[in-house]
1. Taking the criterion of being touching a Phe, Trp or Tyr at 6+ places or on another chain (Cβ under 8 Å), part of a helix (DSSP H, G or I) and open to solvent by 80 Å² or more (accessible area, probe 1.4 Å), would at least one residue in segment 57-69 satisfy it?
2. State all residues of segment 70-92 that are buried (at least 19 other Cβ atoms within 10 Å of the Cβ) and not hydrophobic (A, V, I, L, M, F, W, C); if no residue qualifies, say none.
3. I'd like the full set of residues that are among the charged types (D, E, K, R) and more than 16 Å from the chain's Cα centre (by Cα), limited to segment 66-121.
4. Is it the case, given these coordinates, that Ala64 is out of contact with any strand residue (DSSP E or B) (no Cβ under 8 Å at 6 or more places or on another chain) and under 19 Å from Val20 (Cα atoms)?
5. So how many residues does segment 33-63 have that are in contact (Cβ under 8 Å) with a residue 40 or more places away in the chain and not charged (D, E, K, R)?
6. Within segment 93-121, track down each residue that is farther than 13 Å from Ala73 by Cα, among the aliphatic types (A, V, I, L, M) and either assigned to a loop (DSSP other than H, G, I, E, B) or open to solvent by 40 Å² or more (accessible area, probe 1.4 Å) (or both).
7. Pull out all pairs, ordered by first then second residue, where Cβ-Cβ is under 8 Å, the residues are six or more apart or on different chains, the first lies in segment 4-28 and is closer than 14 Å to Ala53 by Cβ, and the second is not in a helix (DSSP H, G or I).
8. Could you say whether any residue in segment 1-15 is open to solvent by 50 Å² or more (accessible area, probe 1.4 Å) and at pLDDT below 80?
Amino acid sequence: MTVIAAILTSAVASFVISSVWYSVLDRDRAADGRPSPLQIVAEFGRSALVAGAIAGLAKAMDIATIGPMLLLALVLWAAFPFVLLSGSVMWDKVPVATAARHGGDWLIKLLAVGIIVGLWL
């Protein structure tokens, strides 16, 4: 039950963090109105999938404290969102500001998941 609680808590926290992040940094998106119920469910599912993967890695690596969890979160951010977003800037002409906004969102979410999982495991 502890792992499930960590995953669900992390998914809720990720959803809230992204909502606040984009409402502050992306006024155009915030002006478009609230997301549809399907988008909310899909985003919660995406967040739960990420939290579950991190919790699974933590269990497999026998990590159960916040310090190593934060390090894992930083490594995962550099290996995945940073690499993908910087590639989209280099090859797909995505504006740096857009990639930085998304990269910041991912960084904060992964750190939050690391803290939550580190506290629950």
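The values are calculated or read from the model by the stated rules, or taken from the named source; none is laboratory data. Only a predicted model underlies this, so the values are computations on that prediction, with no experimental measurement involved. Here Cβ is always computed from backbone atoms with ideal geometry, including for glycine, and neighbour counts include all displayed protein chains. These area figures cover heavy atoms from the full protein model, side chains too; ligands, DNA and RNA do not enter into them. Shrake-Rupley method; radii C 1.70, N 1.55, O 1.52, S 1.80 Å.
1. no
2. The one that is buried (at least 19 other Cβ atoms within 10 Å of the Cβ) and not hydrophobic (A, V, I, L, M, F, W, C): Pro81.
3. Selection gives Asp92, Lys93.
4. Taking the combined requirement at face value, the residue does not satisfy it.
5. Final tally of qualifying residues: 9.
6. Within segment 93-121, Val94, Val96, Ala97, Ala100, Leu119, Leu121 meet the criteria.
7. Taking only residues 6 or more apart or on different chains, the pairs are Ala6/Leu121.
8. Yes, segment 1-15 has at least one match.
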